[in-house]
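Input: a single structure, listed below in structure tokens.
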Amino acid sequence: GAVSRWHPETMAAAARAGAVEELVQSMSRFPEDPEMQQASNLGLLLVRSPENRIRWAAAGGIEANAASIRRLYNDSSIQYNAWCLFASGTGEPNEVRFHDAGGIELAVQVLRDHMDSLPIREQVLNSMRAISAHSDRLRSAVLASGFVEAAVQASRQTPGELS
């Protein structure tokens with residue numbers, strides 16, 4: 001994971017070898033096992049690779065990650081790592097699929113329920129950057145969801161820390 005983040009050739013080789021799909025399958029095969037929710041490892045393969053983000057979405061990664069967030073909702077480590085994955089994976093071309101999977105509403109819920117965790121809040125906010133920049137339709141969905149209000153409310157927990 002960490003090596004691939006900084007070496008595009010390594011990311012491409014890992015993807016060709018099936019690493020993206022294998023990590024998504026692991027998350028889906030063992031949904032109740034927190035150690036098998038490989039979000040942080042997978043995110044490293046996505047951060048600089050639109051091709052790997054395409055593979056991740058095609059393998060059901062957006063839905064698997066959202067399911068992990070919902071299923072292991074009170075596990076702060078899962079929340080942090082899953083939102084790190086979304087921060088790496090919600091960019092082009094996955095913005096609409098994230099929206100369609102209920103990602104915006106999930107982001108609002110997590111901001112409200114985990115507002116005492118600065119690391120989780122930061123990753124939720126990072127995840128929403130590409131969504132908010134994508135199109136008028138997605139910006140309207142973000143505004144209608146109450147995301148802005150939830151982000152401001154969460155920022156009051158740690159003044160000056162709104163990302």
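The values are calculated or read from the model by the stated rules, or taken from the named source; none is laboratory data. Everything numeric here is computed off the predicted structure, so don't read it as measured data. When we count neighbours, we look across all protein chains shown, and the Cβ atoms used for this are built from the backbone with ideal geometry, even at glycine.
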Picking from 138, 85, 106, 143, which residue would you name as being modelled with pLDDT of 95 or more, crowded, with 20+ Cβ neighbours inside 10 Å, on the phi < 0 side of the Ramachandran plot and of a type in the set (A, V, I, L, M)?
106
Given the range 1-107, what helices (runs of 4 or more DSSP H) lie entirely inside it while holding 2 or more residues that are farther than 30 Å from residue 146 by Cβ?
2-6, 8-16, 19-29, 39-46, 50-58
State all residues of the range 109-140 that are over 13 Å from the mean Cα position of the chain (by Cα) and either under 26 Å from residue 93 (Cβ atoms) or β-branched (Val, Ile, Thr) (or both); if no residue qualifies, say none.
109, 111, 132, 133, 134, 135, 136, 137, 138, 139, 140
Here the residues within the range 117-147 that are assigned to a helix (DSSP H, G or I), out of contact with any helix residue (DSSP H, G or I) (no Cβ under 7 Å at 6 or more places or on another chain) and farther than 22 Å from residue 72 by Cβ are 129, 133, 136, 137, 140, 143, 144
Restricting the first residue to the range 141-155 and requiring it to be under 25 Å from residue 97 (Cβ atoms), which pairs with a second residue that is of a type in the set (Ser, Thr, Tyr) meet a Cβ separation below 7 Å and a spacing of at least six or different chains?
142/132
Could you identify the single residue in 48, 16 that is farther than 23 Å from residue 110 by Cα, basic (Lys, Arg) and in contact (Cβ under 8 Å) with a residue 12 or more places away in the chain?
48
Considering only the range 126-144, state which residues are among the small types (Gly, Ala, Ser) and over 24 Å from residue 81 (Cα atoms).
135, 140, 141, 144
Among the residues of the range 16-23, are any closer than 18 Å to residue 90 by Cβ, more than 13 Å from the chain's Cα centre (by Cα) and surrounded by 15 or more Cβ atoms within 10 Å (Cβ to Cβ)?
yes
